[in-house]
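The values are calculated or read from the model by the stated rules, or taken from the named source; none is laboratory data. Keep in mind the model is a prediction, meaning the values are calculated, not measured. Cβ coordinates were reconstructed from backbone atoms using ideal geometry, including for glycine residues, and neighbour counts include every protein chain displayed.
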Number of protein chains: 2
Amino acid sequence: MRIGDLARESGVTTRQLRYYEEQDLLHPIRSSNNYREYAEESVQQVQQIRGLLDAGLPTRLIRLLLPCVQGPAAELPPQPNSEMAGLLRTELENLQARIEFLSHSKNEIECYLKRVV
Amino acid sequence: MRIGDLARESGVTTRQLRYYEEQDLLHPIRSSNNYREYAEESVQQVQQIRGLLDAGLPTRLIRLLLPCVQGPAAELPPQPNSEMAGLLRTELENLQARIEFLSHSKNEIECYLKRVV
DNA sequence: TTTGACGTTGACGTTAAGGTCAAGCTCATA
DNA sequence: TATGAGCTTGACCTTAACGTCAACGTCAAA
């Protein structure tokens, strides 16, 4: 599929898709006319990226995480050395903190809404 | 307490504190020499703000949420009209989506780490 | 063969959340 | 009184994640 198709199917702009490629998050091949050519799975990948971005993670981290979060069937990244494993563990703790904070805030907003209704 | 004290106790810079005030998230009073004067609770408030910012919420939303998430003892915002309640409900759904996405990503990173170790 | 939709790169603009620096108060202390 | 630490505002700078626009290539359909 071409960039316009992927944009429609995944609900982002073509500009975003080019930006994600620039950030090394997507790697379409080029057809003979130099158009980007995406695989079907790209739709899922883009949604994965969007989710992580919406969750507040920078592309720098998403680049690290993508090979890991593409499901248990995904290939392992080339060299999961201890440096990268450390980074991931740190990021895991941050994720946990974010999750707890968001849950807490959500609870309080819910309480508030119950009070004012 | 003054701005430097609050910065130290809450772990942010004075620039951030001034920025949060500019964004209408903090409202210190001024002492006779025009210095900002903060209450003790400001420490908690700043940490609340940091948590929400780290979670990816913009100050625009935090401004809305702050009166709600300051705990059940907090005063109700002036006019919790239906427009604002609607905004909050929408934001609640977004929060839930973020939480689920983060949890999902976290699980996958954990799976990954178990595989490579 | 020309039009129109779609693609390409490149460059500049924008917004949020601050960093940084300057020039000038305030105030306790040497 | 002067010195230094901390405070004030104002101004400009920075970064990420795009939006937008220009100028040009590609290709199926009229």
With the requirement that a residue be touching a residue at least 12 places away in the same chain (Cβ under 8 Å) and within 12 Å of DNA strand D (Cβ to nearest atom), what does segment B:17-32 give you? B:17, B:18, B:21, B:26, B:28
Which ones in segment B:17-65 are out of contact with any Phe, Trp or Tyr (no Cβ under 9 Å at 6 or more places or on another chain), more than 12 Å from DNA strand C (Cβ to nearest atom) and assigned to a loop (DSSP other than H, G, I, E, B)? B:27, B:38, B:39, B:40, B:41
Name the residues in segment B:65-85 that are more than 7 Å from chain A (Cβ to nearest Cβ) and either under 29 Å from residue A:44 (Cα atoms) or modelled with pLDDT of 75 or more (or both), would you? B:66, B:67
Would you pick out the residues in segment B:1-16 that are in contact with a Phe, Trp or Tyr (Cβ under 6 Å, 6 or more places away or on another chain) and aliphatic (A, V, I, L, M)? B:1, B:6
